[in-house]
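Asker: Right, I'll just put the structure down here and ask away after.
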Amino acid sequence: MTVRLAALEYDAVRPRELASFWGSLLGRSVAGDGVTLPASGSPGFALRFVATERPKSARNMMHFDLTSDSPAAQEHSVALALSLGGRHFDVGQRGDEGHVVLADPEDNEFCVIAPGNRFLAGTGRIGALAGEGSREVGYFWSEMLDWPLVWDQDEETAIQSPSGGTKITWGGPPPLPKHGRNRLRWVLECDSPLEQESERIKDLGAVLVEAGPGRVELADPGDHEFVLVPDHPA
(Lines give C-alpha, C1' and ligand atoms only; values in the text may rest on other atoms or scores of the structure.)
Protein backbone atom coordinates (compact mmCIF):
# COMPACT_ATOMS: atom_id res chain seq x y z
CA MET A 1 0.00 0.00 0.00
CA THR A 2 1.43 3.35 -1.00
CA VAL A 3 0.26 6.95 -1.15
CA ARG A 4 1.87 9.77 -3.07
CA LEU A 5 1.47 13.52 -3.21
CA ALA A 6 -0.55 14.26 -6.33
CA ALA A 7 -1.59 17.89 -5.96
CA LEU A 8 -1.82 20.87 -3.68
CA GLU A 9 -5.29 22.39 -3.65
CA TYR A 10 -5.79 26.12 -3.14
CA ASP A 11 -9.19 27.55 -2.29
CA ALA A 12 -9.60 30.58 -4.55
CA VAL A 13 -12.28 33.20 -5.08
CA ARG A 14 -10.97 33.64 -8.64
CA PRO A 15 -9.34 30.29 -9.43
CA ARG A 16 -8.51 31.01 -13.07
CA GLU A 17 -6.75 34.25 -12.19
CA LEU A 18 -4.78 32.56 -9.44
CA ALA A 19 -3.81 29.68 -11.75
CA SER A 20 -2.57 32.24 -14.29
CA PHE A 21 -0.52 34.06 -11.64
CA TRP A 22 1.21 30.94 -10.38
CA GLY A 23 1.67 29.50 -13.84
CA SER A 24 3.48 32.65 -14.95
CA LEU A 25 5.54 32.88 -11.77
CA LEU A 26 6.61 29.23 -11.81
CA GLY A 27 6.96 28.93 -15.58
CA ARG A 28 4.27 26.27 -15.85
CA SER A 29 1.48 26.03 -18.40
CA VAL A 30 -2.11 26.05 -17.22
CA ALA A 31 -4.07 22.93 -18.19
CA GLY A 32 -7.13 23.03 -20.40
CA ASP A 33 -9.46 23.24 -17.41
CA GLY A 34 -8.00 26.67 -16.64
CA VAL A 35 -7.43 25.93 -12.96
CA THR A 36 -4.69 23.26 -12.82
CA LEU A 37 -0.93 23.49 -13.21
CA PRO A 38 0.24 19.94 -14.01
CA ALA A 39 3.15 18.50 -12.07
CA SER A 40 6.60 19.54 -13.19
CA GLY A 41 9.49 17.12 -12.80
CA SER A 42 9.64 13.90 -10.82
CA PRO A 43 8.83 13.79 -8.02
CA GLY A 44 6.41 16.65 -8.40
CA PHE A 45 2.86 17.66 -7.71
CA ALA A 46 0.16 19.61 -9.50
CA LEU A 47 -1.36 22.85 -8.26
CA ARG A 48 -5.15 22.96 -8.40
CA PHE A 49 -7.26 26.03 -7.67
CA VAL A 50 -10.69 25.25 -6.27
CA ALA A 51 -13.53 27.78 -6.37
CA THR A 52 -14.77 29.13 -3.05
CA GLU A 53 -16.87 32.09 -1.95
CA ARG A 54 -14.92 32.38 1.30
CA PRO A 55 -12.23 35.09 1.10
CA LYS A 56 -8.97 34.66 2.96
CA SER A 57 -9.16 36.08 6.48
CA ALA A 58 -6.09 34.72 8.30
CA ARG A 59 -2.54 33.59 7.60
CA ASN A 60 -2.28 30.28 5.79
CA MET A 61 -0.94 27.24 7.56
CA MET A 62 1.38 26.51 4.62
CA HIS A 63 3.36 28.62 2.17
CA PHE A 64 5.89 28.15 -0.61
CA ASP A 65 9.59 28.93 -0.28
CA LEU A 66 10.78 29.65 -3.83
CA THR A 67 14.49 29.26 -4.52
CA SER A 68 16.88 31.57 -6.37
CA ASP A 69 20.18 30.67 -8.00
CA SER A 70 21.54 34.25 -7.98
CA PRO A 71 20.72 37.67 -6.51
CA ALA A 72 19.50 38.73 -9.95
CA ALA A 73 17.17 35.73 -10.09
CA GLN A 74 15.72 36.60 -6.69
CA GLU A 75 15.15 40.19 -7.79
CA HIS A 76 13.54 38.97 -11.03
CA SER A 77 11.16 36.67 -9.16
CA VAL A 78 10.07 39.48 -6.85
CA ALA A 79 9.60 41.93 -9.72
CA LEU A 80 7.68 39.36 -11.76
CA ALA A 81 5.37 38.53 -8.86
CA LEU A 82 4.62 42.21 -8.31
CA SER A 83 3.96 42.78 -12.00
CA LEU A 84 1.50 39.87 -12.02
CA GLY A 85 -0.57 41.29 -9.18
CA GLY A 86 1.29 40.14 -6.08
CA ARG A 87 2.40 42.42 -3.27
CA HIS A 88 4.82 42.68 -0.40
CA PHE A 89 3.37 41.14 2.73
CA ASP A 90 4.08 41.71 6.43
CA VAL A 91 4.19 38.62 8.63
CA GLY A 92 6.34 40.26 11.29
CA GLN A 93 9.65 39.79 9.51
CA ARG A 94 12.57 42.02 10.49
CA GLY A 95 13.71 42.64 6.93
CA ASP A 96 17.20 41.18 7.26
CA GLU A 97 16.30 37.50 6.98
CA GLY A 98 17.61 37.15 3.42
CA HIS A 99 14.24 36.33 1.91
CA VAL A 100 11.39 38.44 0.59
CA VAL A 101 7.86 37.81 1.83
CA LEU A 102 5.17 38.32 -0.79
CA ALA A 103 1.53 37.42 -1.33
CA ASP A 104 -0.34 36.42 -4.48
CA PRO A 105 -3.45 38.33 -5.68
CA GLU A 106 -5.59 36.57 -3.04
CA ASP A 107 -3.08 37.23 -0.24
CA ASN A 108 -1.62 33.71 -0.05
CA GLU A 109 1.80 34.21 1.46
CA PHE A 110 5.03 32.92 -0.07
CA CYS A 111 8.75 33.63 0.26
CA VAL A 112 11.43 34.18 -2.36
CA ILE A 113 14.60 32.82 -0.78
CA ALA A 114 18.02 34.35 -1.36
CA PRO A 115 20.65 32.30 -3.25
CA GLY A 116 23.00 30.10 -1.30
CA ASN A 117 20.45 28.57 1.05
CA ARG A 118 22.06 25.22 1.89
CA PHE A 119 18.90 23.61 3.24
CA LEU A 120 17.08 24.12 -0.06
CA ALA A 121 20.02 23.28 -2.32
CA GLY A 122 19.00 20.99 -5.18
CA THR A 123 15.30 21.05 -4.37
CA GLY A 124 14.09 22.87 -7.49
CA ARG A 125 12.02 26.02 -8.00
CA ILE A 126 9.63 25.20 -5.14
CA GLY A 127 12.23 24.55 -2.50
CA ALA A 128 9.84 23.87 0.34
CA LEU A 129 6.26 23.86 1.41
CA ALA A 130 6.70 25.39 4.85
CA GLY A 131 3.93 24.74 7.34
CA GLU A 132 2.67 24.97 10.87
CA GLY A 133 2.97 21.81 12.89
CA SER A 134 4.63 19.98 15.74
CA ARG A 135 7.23 17.24 15.63
CA GLU A 136 4.34 14.77 15.91
CA VAL A 137 2.91 16.10 12.64
CA GLY A 138 6.24 15.74 10.87
CA TYR A 139 6.63 12.18 12.11
CA PHE A 140 3.08 11.38 10.98
CA TRP A 141 3.70 12.57 7.40
CA SER A 142 7.08 10.85 7.27
CA GLU A 143 5.49 7.52 8.14
CA MET A 144 2.41 7.99 5.97
CA LEU A 145 4.38 8.90 2.82
CA ASP A 146 7.41 6.74 3.67
CA TRP A 147 9.61 9.80 3.24
CA PRO A 148 12.69 10.15 5.47
CA LEU A 149 13.15 12.96 7.93
CA VAL A 150 15.82 15.33 6.63
CA TRP A 151 15.59 17.67 9.63
CA ASP A 152 14.58 16.97 13.22
CA GLN A 153 15.88 19.58 15.61
CA ASP A 154 14.50 22.04 18.18
CA GLU A 155 10.92 20.78 17.55
CA GLU A 156 11.26 21.58 13.82
CA THR A 157 10.97 18.77 11.28
CA ALA A 158 11.25 18.33 7.54
CA ILE A 159 10.78 15.46 5.12
CA GLN A 160 11.73 14.90 1.50
CA SER A 161 11.04 12.22 -1.07
CA PRO A 162 13.89 9.71 -1.45
CA SER A 163 13.99 10.95 -5.06
CA GLY A 164 14.60 14.56 -3.95
CA GLY A 165 12.50 17.56 -4.88
CA THR A 166 10.44 19.88 -2.71
CA LYS A 167 10.83 19.51 1.06
CA ILE A 168 7.88 19.72 3.43
CA THR A 169 8.69 21.44 6.71
CA TRP A 170 6.97 22.09 10.04
CA GLY A 171 8.09 24.95 12.25
CA GLY A 172 7.19 23.56 15.67
CA PRO A 173 5.61 25.51 18.53
CA PRO A 174 3.94 27.85 19.02
CA PRO A 175 1.43 27.10 16.24
CA LEU A 176 -0.66 29.74 14.52
CA PRO A 177 -4.30 29.71 15.58
CA LYS A 178 -6.44 27.83 13.07
CA HIS A 179 -9.50 29.60 11.66
CA GLY A 180 -11.78 27.07 10.00
CA ARG A 181 -10.81 24.76 7.17
CA ASN A 182 -7.36 25.37 5.70
CA ARG A 183 -7.25 27.07 2.31
CA LEU A 184 -4.33 24.89 1.19
CA ARG A 185 -4.39 21.10 1.47
CA TRP A 186 -2.59 18.14 -0.02
CA VAL A 187 -4.30 15.65 -2.31
CA LEU A 188 -2.82 12.15 -2.03
CA GLU A 189 -3.36 9.29 -4.43
CA CYS A 190 -3.39 5.71 -3.17
CA ASP A 191 -3.06 2.38 -4.95
CA SER A 192 -5.34 0.49 -2.53
CA PRO A 193 -9.05 0.80 -1.72
CA LEU A 194 -9.87 4.17 -0.13
CA GLU A 195 -11.52 2.66 2.94
CA GLN A 196 -8.57 0.37 3.57
CA GLU A 197 -6.02 3.16 3.13
CA SER A 198 -8.09 5.54 5.27
CA GLU A 199 -8.04 3.04 8.13
CA ARG A 200 -4.26 2.68 7.86
CA ILE A 201 -3.81 6.43 7.95
CA LYS A 202 -6.18 6.81 10.89
CA ASP A 203 -4.14 4.22 12.76
CA LEU A 204 -1.16 6.55 12.28
CA GLY A 205 -3.00 9.40 14.01
CA ALA A 206 -5.30 11.01 11.44
CA VAL A 207 -9.01 11.62 11.97
CA LEU A 208 -11.82 11.38 9.44
CA VAL A 209 -13.32 14.69 8.34
CA GLU A 210 -15.62 13.63 5.52
CA ALA A 211 -16.02 10.65 3.19
CA GLY A 212 -17.66 10.80 -0.21
CA PRO A 213 -17.60 8.93 -3.53
CA GLY A 214 -14.00 8.65 -4.68
CA ARG A 215 -12.68 11.11 -2.10
CA VAL A 216 -11.94 10.98 1.62
CA GLU A 217 -10.91 14.03 3.63
CA LEU A 218 -8.89 13.51 6.79
CA ALA A 219 -6.95 15.69 9.21
CA ASP A 220 -3.43 15.06 10.50
CA PRO A 221 -2.50 15.23 14.22
CA GLY A 222 -2.19 19.02 13.87
CA ASP A 223 -5.77 19.30 12.55
CA HIS A 224 -4.64 20.13 9.01
CA GLU A 225 -6.92 18.68 6.36
CA PHE A 226 -5.76 16.56 3.42
CA VAL A 227 -7.57 14.54 0.77
CA LEU A 228 -7.19 10.92 -0.25
CA VAL A 229 -8.26 9.79 -3.74
CA PRO A 230 -7.66 6.62 -5.81
CA ASP A 231 -4.80 6.76 -8.28
CA HIS A 232 -7.08 5.27 -10.97
CA PRO A 233 -10.49 6.93 -10.53
CA ALA A 234 -13.45 4.84 -11.62
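Asker: So, with a 1.4 angstrom probe, what is the percent of accessible area on the chain that is carbon and sulfur?
Answerer: Answer for the chain: carbon and sulfur cover 50 percent of the accessible area.
Asker: Can you give me the accessible area per residue for segment 48-102, using a 1.4 Å probe, in Å²?
Answerer: That works out to 59 Å² per residue.
Asker: Between the DSSP loop rule and a limit of at most 12 other Cβ atoms within 10 Å, which GluC sites (Glu not before Pro) in segment 76-140 are left?
Answerer: Glu97
Asker: Under unit Cβ charges (Lys, Arg +1; Asp, Glu -1), what dipole magnitude, rounded to 20 debye, does the chain have relative to its Cα centre?
Answerer: 620 debye
Asker: Rounded to the nearest 10 degrees, what's the angle between the helix 194-203 long axis and the longest principal axis of the chain, both from Cα atoms, 0 to 90?
Answerer: Helix 194-203 and the main axis of the chain meet at about 80 degrees.
Asker: Using +1 on the beta carbon of Lys and Arg, -1 on that of Asp and Glu, and nothing else charged, what's the dipole of segment 46-130 about the Cα centre, debye to 20?
Answerer: That gives segment 46-130 a dipole magnitude of about 200 debye.
Asker: So, one more: Say R0 is 30 Å: what FRET efficiency, to the nearest 0.05, do Leu26 and Gln93 get from their beta-carbon distance?
Answerer: Efficiency, rounded to the nearest 0.05: 0.85.
Asker: What does the extension gain come out to for Ala114 and Lys202, with contour length at 0.36 nm per residue minus their alpha carbon separation?
Answerer: 27.8 nm
Asker: Using alpha carbons only, how many degrees (0 to 90, rounded to 10) separate the axis of helix 135-145 from the longest principal axis of the chain?
Answerer: 70 degrees
Asker: Cα convex hull of the chain: mean projected area in nm², to one decimal?
Answerer: So the mean shadow area of the Cα hull is 12.4 nm².
Asker: Same structure again: Given a Förster distance of 25 Å, report the FRET efficiency between Asp191 and Ser40 from their Cβ-Cβ distance, rounded to the nearest 0.05.
Answerer: Computed FRET efficiency for Asp191 and Ser40: 0.65.
The values are calculated or read from the model by the stated rules, or taken from the named source; none is laboratory data. Since the model is a prediction, treat every value here as computed from it, not as a measurement. When we count neighbours, we look across all protein chains shown, and the Cβ atoms used for this are built from the backbone with ideal geometry, even at glycine. Only protein heavy atoms, including side chains, enter the accessible area calculation; ligands, DNA and RNA are left aside. Shrake-Rupley method; radii C 1.70, N 1.55, O 1.52, S 1.80 Å.
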